[in-house]
Structures are given as C-alpha cells and as structure tokens.
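So the structure is just underneath, and the comments pick up after that.
The values are calculated or read from the model by the stated rules, or taken from the named source; none is laboratory data. In this text the structure is predicted, and so the values were computed from the model without any measurement. Methodologically, a virtual Cβ is constructed for each residue, glycine included, from the backbone with ideal geometry; neighbour enumeration extends over all protein chains shown. In case anyone asks, the SASA skips ligands and DNA or RNA and just uses the protein heavy atoms, side chains included. Shrake-Rupley method; radii C 1.70, N 1.55, O 1.52, S 1.80 Å.
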Amino acid sequence: MAAAARDTRYRGRQPVNGSLAYDLDYAVRERELRHAGEAPRAREKVRTKVREAPRVLVRARQVVSPLALLSVASIMGLALLVLMSYVQLTKLSAETVKLQNQLEELEAENVNLTAQYQRMFDMASVKEAAEAAGMRKPSSTQMGRLDLSAGDSAVAYRQKEPGLFSRILSSLHGGVYAVVEYFG
C-alpha cells in the first residue's frame, strides 16, 4: 500500500468506486452544495447589450434568359392570335346567321314570284297584254335576212411577259393584301 500511496496517480485524489467517465455536472453540484441553506440573493448581472441588426434575406439577383423572354413573348403573341381568331369566328357566326335569315326570306319571296310568274305565263293573258301595249305580229317588210356565208376571222394579240421585278412586286402585294384581309 505504501507504494500505491507514493504513486502520483493517486496523490490528492480519492479512490474511484465505479465508472471513470467524466462527471459533467460536478461543478454545478458543488456550487449548489456550497450555497445550500443561503437565501437567494439578487445577483448583479452585467449584461452587455448586443444590438443585432435585423437580418434581411436578400435573394441573389437572377438573370433572365433571353430565350425565356422570347418564349414568353411568342406565347403571348400566339394567345393574341387565338383571341383574334375567336373574334373573327364570332363575327363570321353572326354573319352566317344573318345570311341564313336573309336566305329564308329570299326563298319565301322566290316561291311568291314563281307563283306570280306561272299565273302570268297564261298565253291568253300575254296576248291581251301585248295588244293593249300596241304590239302586233311583224309584217314581211319588217323581216330581214342575215347572210352568214362569209368566213369568220379573229385577231389575237399576245401580251408581253412580265419581268422578274414586277412578278416579285405583285407577289408581295398579294401577300400584304392577304395579311390585311386576314386581320381586317
């Protein structure tokens, strides 16, 4: 035992009965034991005021791709074209209804006029109307003959072939006219 007492490992310490793990609450327990039974006193706490600036979350500036802008613009353009086509479709539908109504009126008028025509085609009424207007059958002196024994002749003129510039100009004119007619 004397050798163990001289050993530096045991000098100033108590022998260990159990685990050699660190006791993390040792300092807290010792302080509580020292101050046990005392009235709690108001401790002066020295607080340093640390002023924190409000944290503002700032997103990094995002770069907008030109392709994304182009695609958004093209989608908006296509949506506008679809809207314009619906407007044209509505106009055409209204015109179709109007023309169908007009067709029905004209068909009813055609039936009435056909009936009047058939009533007026009676030969006796035609003869009476002609005599009342002063019409008579032609006499032989009023009739003439036409001689068609001579041969027929015709002159055909050839048009000049249009140049390249005039053909391009007429094509552009036709294209612009078609676009104006489509959107107009």
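Structure summary
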| quantity | calculated |
| --- | --- |
| Residues being open to solvent by less than 80 Å² (accessible area, probe 1.4 Å) and assigned to a loop (DSSP other than H, G, I, E, B) - total across the range 139-177 | 6 |
| Matching option when the condition is modelled with pLDDT under 95 and under 30 Å from residue 183 (Cα atoms), among 68, 36 | 68 |
| Residues of the range 60-77 classified as aliphatic (A, V, I, L, M), open to solvent by less than 100 Å² (accessible area, probe 1.4 Å) and in a loop (DSSP other than H, G, I, E, B), total | 2 |
| Filter pass, residue 104 being of a type in the set (Asp, Glu) and open to solvent by 100 Å² or more (accessible area, probe 1.4 Å) | yes |
| Near pairs, Cβ below 8 angstrom, 6+ apart or cross-chain, from the range 166-180 (of a type in the set (D, E, K, R)) to any residue that is exposed (fewer than 10 other Cβ atoms within 10 Å of the Cβ) | none |
| Set 109, 131: member being of a type outside the set (Ser, Thr, Tyr), farther than 29 Å from residue 184 by Cβ, at pLDDT 90 or above and open to solvent by 80 Å² or more (accessible area, probe 1.4 Å) | 109 |
